Amino acid sequence: MVACVALIVPIRVPHELSERLSLELSGAVWSPAMARYILVSDDTNEDGAKHVPLLFALSEGGQLDASPITIEGIDELNDPESITSAPDGTLFVATSHSLNKKGHSPQSRRRLLHLALGADRKAKIIGQVDLTTARSADGTLPWGGERLDVEGLAFREGTLYIGLKSPLLADGRATILRLPEAVSVLGSGVIPVGAVSVWARVRLCVPRGGADVCEGIADLAFLADGSLLLAANAPKGMPSDGGGGLWKISGPGAAPALLKRFDGLKPEGVAVAPDHASAIVVFDTDGQEPLWIRWPLSP
């Protein structure tokens, strides 16, 4: 694949990986240290064990490495949805923090991790917090609703940006939160009151069946000029959008521009490629053959 030919194609999964694991690829980020895209996968199951704490490495050519990256120090990583780069080659990883099908939200589902990658393909936890503990200065929830569903992360100039699949506001806008001094906060293990605030509200709505259907944020990626790419699709339990989209905003308060609609597909992860002239988008195919696309970025 090259940037000028934007095709949705299968990700090649080695047999020794596919026979052991079920994959639903989600967030993605380029790791210069590993010369790979590092991916998370929703609810990774291995040999009957649920929520195995693993990351996956994808080559520029579109093949997953046969050996996953193990996250040490935890037994479960339940519903990981997003990943982004952090200082010095480290990574931030977040689970959804949402309720599961039984209406529960166990600790394994409420993790925002700071990870250091080792040459031995193991990741060490060097900081973590639970985003559901965040409170505004007045004691309210920063996202403005009881139920939280985190699916996007991006990091820039010391601040972590957190994209929400839900809740959506009454007018359909999705929320992007900001957490300044994220490395220090995760290292302390406690989110100070007022530390998490709203950075932007964006209305990602598309026509569907004669009405507008609004999407939540599935992933985030900053471009060099400070503009932001957003992968988006409809939140669970909301009207179907018939397939998600790739959007771009120039900053908070700016109107989002729709770059591409993906009919019948759910874009779940977006990452800027190392050439900075393109981005990759990975799709959640509900356990079927994983797919991706390389999308050219305008100058």
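Of all residues in the range 213-232, exactly one satisfies the criterion of being surrounded by 16 or more Cβ atoms within 10 Å (Cβ to Cβ) and without any contact (Cβ under 8 Å) to a residue 40 or more places away in the chain, namely Val213.
Scanning the range 277-299 for residues that are hydroxyl-bearing (Ser, Thr, Tyr), touching a residue at least 60 places away in the same chain (Cβ under 8 Å) and out of contact with any Phe, Trp or Tyr (no Cβ under 9 Å at 6 or more places or on another chain) yields a single hit, Thr285. Mind checking which residues of the range 96-138 are of a type in the set (Ser, Thr, Tyr) and under 14 Å from Asp149 (Cβ atoms)? Within the range 96-138, Ser96, Ser98, Ser105, Thr132 meet the criteria.
Scanning the range 159-177 for residues that are in a loop (DSSP other than H, G, I, E, B) and either under 18 Å from the mean Cα position of the chain (by Cα) or under 15 Å from Leu113 (Cα atoms) (or both) yields a total of 2.
Selection of the range 175-207 for residues being surrounded by fewer than 18 Cβ atoms within 10 Å (Cβ to Cβ) and either over 17 Å from Pro256 (Cβ atoms) or among the polar types (S, T, N, Q) (or both) yields Pro180, Glu181, Ser184, Gly187, Ser188, Gly189, Val190, Pro192, Val193, Gly194, Ser197.
Could you tell me which residue of the range 3-28 is modelled with the highest pLDDT, considering only residues that are more than 20 Å from the chain's Cα centre (by Cα) and either of a type in the set (D, E, K, R) or at positive phi (or both)? Filtering first and then ranking leaves Arg12.
Looking across the range 233-247, just one residue is at positive phi and in contact (Cβ under 8 Å) with a residue 24 or more places away in the chain, and that is Gly242.
Of the residues making up the range 178-207, those that are within 21 Å of Pro267 (Cα to Cα) and either in contact with a Ser or Thr (Cβ under 7 Å, 6 or more places away or on another chain) or part of a loop (DSSP other than H, G, I, E, B) (or both) are Arg201, Leu204.
Of all residues in the range 225-240, which are under 19 Å from the mean Cα position of the chain (by Cα) and either assigned to a loop (DSSP other than H, G, I, E, B) or at pLDDT below 95 (or both)? Please lay out each step first, then the result.
Within the range 225-240, the first condition is being under 19 Å from the mean Cα position of the chain (by Cα), and the residues that meet it are 226-236.
Result: Gly226, Ser227, Ala234, Pro235, Lys236.
A single entry from Leu113, Leu99 fulfils the requirement of being part of a strand (DSSP E or B) and either surrounded by 15 or more Cβ atoms within 10 Å (Cβ to Cβ) or of a type outside the set (Val, Ile, Thr) (or both): Leu113.
Going by what's in this entry, would Phe92 be described as buried (at least 23 other Cβ atoms within 10 Å of the Cβ), in contact (Cβ under 8 Å) with a residue 40 or more places away in the chain and aromatic (Phe, Trp, Tyr)?
Details: buried (at least 23 other Cβ atoms within 10 Å of the Cβ): yes; in contact (Cβ under 8 Å) with a residue 40 or more places away in the chain: yes; aromatic (Phe, Trp, Tyr): yes.
So Phe92 fits the description; yes.
The values are calculated or read from the model by the stated rules, or taken from the named source; none is laboratory data. Since the model is a prediction, treat every value here as computed from it, not as a measurement. Neighbour counts are summed over all protein chains in view; Cβ atoms, including those assigned to glycine, are modelled from backbone coordinates with ideal geometry.
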